[in-house]
Amino acid sequence: MIKVGDTLTLPDVKLFEFVEEATEGCAVGPNEFPACEWAAGKRVVIFGLPGAFTPTCSARHVPGYVEKATDLSAAGIDEVWCVSVNDSFVMSSWRRDL
């Protein structure tokens, strides 16, 4: 069981994010990020969902984290990550829809 104050180590996994506009060091398209490196030195909340565009995930799960973003930040959380089984193209489309 994870308890308040526990420090966890992420497994050596790759996450993908679809970037719609190129910036310095970040090309357009699905980009691969090593989770361990991306989270290094940060306090990150990671929540998983069964799938993009599902009614409960769209209506309750993601909006709940958005509503609590200020509280999480005040508690010292640097970033909130949403992961799902969907590919980066679907997740990007869902982000725009939400």
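Just so you know, all these numbers are worked out from the coordinates, no wet-lab data involved. From a predicted model like this one, the values you see are computed outputs, not experimental measurements. When we count neighbours, we look across all protein chains shown, and the Cβ atoms used for this are built from the backbone with ideal geometry, even at glycine.
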(request) Return, for the Cα atoms of the chain, the radius of gyration and Dmax in Å, separated by a comma. (result) 14.3, 40
(request) Go ahead and estimate [θ] at 222 nm for the chain from helices alone: -39,500 (n - 2.57) per DSSP H run with n ≥ 4, summed, over the residue count, rounded to 500. (result) -6500 deg cm²/dmol
(request) Return the long-range amide H neighbours of L15 (sequence gap of 5 or more, or a different chain), with a cut-off of under 5 Å between placed amide H atoms. (result) F33, A35
(message) Test of understanding: what is the full-extension gain from E32 to L98, defined as 0.36 nm times their sequence separation minus their Cα-Cα distance?
(response) 21.5 nm
(request) Could I have the simple spin-label model distance between V19 and I2, label points 7 Å from Cα toward Cβ, reported in nm to one decimal? (result) 2.6 nm
